[in-house]
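Visitor: This is the structure, below, for whatever I ask next.
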Amino acid sequence: MRSRMLGAEQFEEARQILRDIDSLDSHSTFLFDKINFLMNATVGFININQNKIIKIFSVASVALLPPTLIASVYGMNFAAMPELQWRFGYPFAIALMVASVAAPFIFFRSKGWLR
């Protein structure tokens with residue numbers, strides 16, 4: 001169009017083609033932006049679901065850490081441990097483990113994290 005090698009009719013056709021290309025370019029930009037928005041929304045939903053799953057794993061690890069610690073101390077079987085001489089030593093340890101599991105679950109359920 002700049003070299004003026006086109007006739008008047010060809011010039012108008014070229015101008016119409018350029019308008020069509022410009023229109024398609026803006027439409028493709030709109031569609032790209034829309035697809036990009038939808039992809040970002042999908043990634044956001046996936047992240048929310050993954051955060052819920054990780055929260056459950058975190059609660060489980062917090063709940064199961066104290067019984068593991070108690071069992072490891074009681075499993076050492078030192079001769080000088082007073083709990084070994086006590087008649088209710090092991091039932092007390094088991095009750096302590098159950099209580100240490102129940103307490104975090106009750107706390108996290110009251111906070112609404114396990115729903």
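Visitor: Can you tell me which residue within region 85-115, out of those that are open to solvent by less than 100 Å² (accessible area, probe 1.4 Å) and not in a helix (DSSP H, G or I), is farthest from V73 (Cα to Cα)?
Guide: G112
Visitor: Same structure, new question: Among L38, L31, L6, which is open to solvent by less than 100 Å² (accessible area, probe 1.4 Å) and in contact with an Asp or Glu (Cβ under 9 Å, 6 or more places away or on another chain)?
Guide: L6
Visitor: Are any residues in region 47-63 under 28 Å from I94 (Cα atoms) and open to solvent by 100 Å² or more (accessible area, probe 1.4 Å), and if so, which ones?
Guide: Of everything in region 47-63, just one residue is under 28 Å from I94 (Cα atoms) and open to solvent by 100 Å² or more (accessible area, probe 1.4 Å), namely F57.
The values are calculated or read from the model by the stated rules, or taken from the named source; none is laboratory data. Everything numeric in this text was worked out from a predicted model, so none of it was measured. Because the Cβ atoms are built from the backbone with ideal geometry, glycine has one as well, and the counts that use them run over all protein chains shown. The protein model used for the area step is the full one, side chains on, heavy atoms only, and it has no ligands, DNA or RNA in it. Shrake-Rupley method; radii C 1.70, N 1.55, O 1.52, S 1.80 Å.
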